[in-house]
Amino acid sequence: MKIRYFDNAATTPVREEVVKEMLPFFGVEYGNASVMYSLGRNAKKAMKRARERVARAINADINEIYFTSCGSESDNLAIKGFAYENKSKGNHIITSKIEHHAVLDSCKTLEKQGFKVTYLNVDDKGKINLEELVNSITNQTILMTIMFANNEIGTIEPIEEIAKIAKKKNIVFHTDAVQAIGNVKIDVKQMNIDMLSLSGHKFYAPKGVGALYVKNGINFKKLQDGGEQEYNKRAGTENVAEIVGLGKAIELIYNDYDEYNKKLITLRNHYIDRVKNEISNCKVNGDLINRLPGNANVSFKNVNGSELLFELDKYGICASAGSACSTSNPAPSHVLTAIGLDKNYIGGTLRVSFGRDNTMEDVDFLVNRLKEFVNKK
Ligand SMILES: *Cc1c(COP(=O)(O)O)cnc(C)c1O
């Protein structure tokens with residue numbers, strides 16, 4: 001059966017060019033990047049190239065990029081690492097109610113250790129309120145962490161405005177940009193972003209490699225002790241092959257940025273138009289304008305989301321209810337709860353996230369199966 005994959009916000013397939021560039025580092029180039037001899041130097045050179053590629057993609061300096069094992073680790077390192085290092089300056093952190101759990105749970109851990117956290121509300125489209133943000137600042141506030149774009153509903157937050165407020169008040173600003181990389185042009189210097197998390201497997205690199213950008217001059221504590229890898233901020237022998245893959249993937253995605261995103265928008269708009277016109281009692285969640293190009297999140301009234309996914313799976317369709325992280329968790333999504341979605345709709349939510357390999361024919365196939373299922377109810 002043909003697989004039709006609409007879950008690119010959960011993970012993406014690794015691009016062939018990326019695999020090709022990684023392969024030598026699983027084979028002949030097995031050197032440890034920290035050693036003296038040439039085999040190790042090759043690995044070190046390849047890592048430097050990857051670091052340059054990541055830095056170039058977001059306009060950072062090369063020594064501002066730290067490789068990690070995933071987006072979650074980058075979020076933990078940024079938030080907890082910064083808080084531990086800077087707790088003498090203040091103990092207050094501002095975030096939002098719709099963050100990824102890597103951010104929310106890092107904040108919860110800090111709360112247990114004496115930090116105070118404000119969780120900002122969002123409006124019905126998932127956008128934070130800048131006035132509420134300003135009003136929540138105290139003389140103890142050291143860090144704001146607001147996601148660039150939401151992984152469930154695709155809403156893009158007003159990052160430049162938030163960063164401006166943070167800068168004016170001398171507060172450090174971190175953003176989880178895991179979903180935004182490749183879909184939004186990011187310039188950390190021009191946008192005044194102090195720290196930024198990203199993850200390879202959301203833009204066609206393998207799972208298990210991420211990066212954290214930290215602006216020069218901002219101090220944070222190492223969370224994982226051991227060797228002095230990654231400018232002595234993250235111990236552990238480097239995952240050279242995957243770091244090479246991440247570097248290649250981020251370069252490729254920004255190489256054909258316009259074409260790629262135009263394609264995603266065309267597929268997404270076609271999907272949303274057909275669903276809205278042909279299926280009754282549905283709601284499109286999130287902001288229709290400030291939105292990730294590949295995200296469509298629609299709730300169907302009185303539909304059971306798990307049953308729907310099960311049915312679609314019979315036809316080789318991969319999509320998601322809410323977000324991938326909550327499939328084993330029956331509680332309603334914290335994001336859909338935060339936007340105030342009606343309870344008759346919340347359980348029947350389908351997140352479709354388009355990617356490089358999708359075609360218009362795939363979209364029509366998906367809508368047709370969806371129509372059959374929802375109209376049968
Ligand atoms: C996927 C995701 C993460 C986690 O990244 P991993 O590499 O899977 O740990 C964090 N934040 C957002 C917004 C994500 O979409």
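Taking only the Cα atoms of segment 163-301, the radius of gyration and Dmax are 18.8, 58 Å.
Under a model in which nothing but the beta-carbon of Lys, Arg (+1) and Asp, Glu (-1) is charged, the chain shows a dipole of about 360 debye around its Cα centre. Scaling against 2.2 N^0.38 Å puts the C-alpha radius of gyration of segment 130-173 at 1.19. Each listed q (0.12 Å⁻¹) maps to a log10 I(q)/I(0) for segment 101-214, found by the Debye formula over equal Cα scatterers with no solvent: -0.43. Label point of THR237 set 7 angstrom out along Cα-Cβ; within segment 8-35, amide nitrogens under 11 Å from it belong to 30-35.
Centre-to-centre separation between the Cα atoms of segment 351-377 and those of segment 225-285: 21 Å. Annotation: amide H-H contacts under 5 Å for CYS70 (H modelled 1.01 Å from N, sequence separation of 5 or more, or interchain): GLY210. Applying Stokes-Einstein at 37 °C and 0.692 mPa s to the Kirkwood radius of segment 168-216, computed over alpha-carbon pairs, gives a translational diffusion coefficient of 283 µm² s⁻¹.
Figure the gain on full extension for ASN302 and LYS89 (residue separation times 0.36 nm, minus the Cα-Cα span) and round it to one decimal in nm. Display every interim value, and only then the final one.
Working: separation 213, 0.36 × 213 = 76.68 nm, distance 4.98 nm.
Contour length minus the Cα-Cα distance gives 71.7 nm.
Check ILE317: other-chain or 5+ apart residues with amide H under 5 Å from its amide H, H built from backbone geometry? Amide H neighbours of ILE317, under 5 Å, 5+ apart: ARG4.
Distance between the pseudo-spin-label points of ASN255 and ILE62 (7 Å out from Cα toward the beta carbon): 2.0 nm. Database remark: amide H of VAL117 closer than 5 angstrom to the amide H of ILE93 (H placed geometrically; neighbours at sequence offset of 5 or more, or on other chains; Pro and chain starts carry no H).
Computed from the Cβ-Cβ distance with R0 of 41 Å, the FRET efficiency linking ASN290 to LYS314 stands at 0.70. Springs between Cα atoms under 10 Å define the GNM used for the chain, and in it the highest mean-square fluctuation of GLU251, GLU160, GLU228 occurs at GLU228. DSSP assigns beta bridges within the chain; of those with both partners inside it, close to 55 percent run antiparallel.
Counted residue by residue at 0.36 nm each, then reduced by the alpha carbon distance between them, the extension gain from VAL28 to SER136 reaches 33.4 nm. Only Lys, Arg, Asp and Glu carry charge here, each on its Cβ (+1 for the first two, -1 for the last two); on that basis segment 247-297 has a dipole of about 200 debye about its Cα centre.
When the chain is described by a simple charge dipole with +1 on each Lys and Arg Cβ and -1 on each Asp and Glu Cβ, the residue from SER88, VAL103, SER72 located farthest towards its positive end is SER88. Pairs from the list LYS2/LYS248; LYS80/LYS112; LYS97/LYS222 with a Cα-Cα gap above 23 Å: LYS2/LYS248; LYS97/LYS222. Computed from the Cβ-Cβ distance with R0 of 25 Å, the FRET efficiency linking ASP342 to ASN129 stands at 0.75.
Pairs exceeding 21 Å between alpha-carbon atoms, taken from LYS48/LYS167; LYS301/LYS376; LYS45/LYS233; LYS108/LYS167; LYS20/LYS202: LYS48/LYS167; LYS108/LYS167.
The Cα center of segment 187-217 and the Cα center of segment 4-61 differ in position by 15 Å.
Computed over segment 16-255, the P(r) tail beyond 32 angstrom holds 19 percent of alpha carbon pairs. Mind giving me the FRET efficiency for LYS167 and LYS376? R0 is 56 Å, r the Cβ-Cβ distance, nearest 0.05 is fine. Plugging the Cβ-Cβ distance into 1/(1 + (r/R0)^6) gives 0.55.
A short reminder: the numbers here are calculations on the coordinates, not readings from a lab. Note that the structure is predicted; figures quoted are calculated from it, not measured. In this analysis, Cβ positions are derived from the backbone assuming ideal geometry, glycine residues included, and neighbour counts consider all displayed protein chains.
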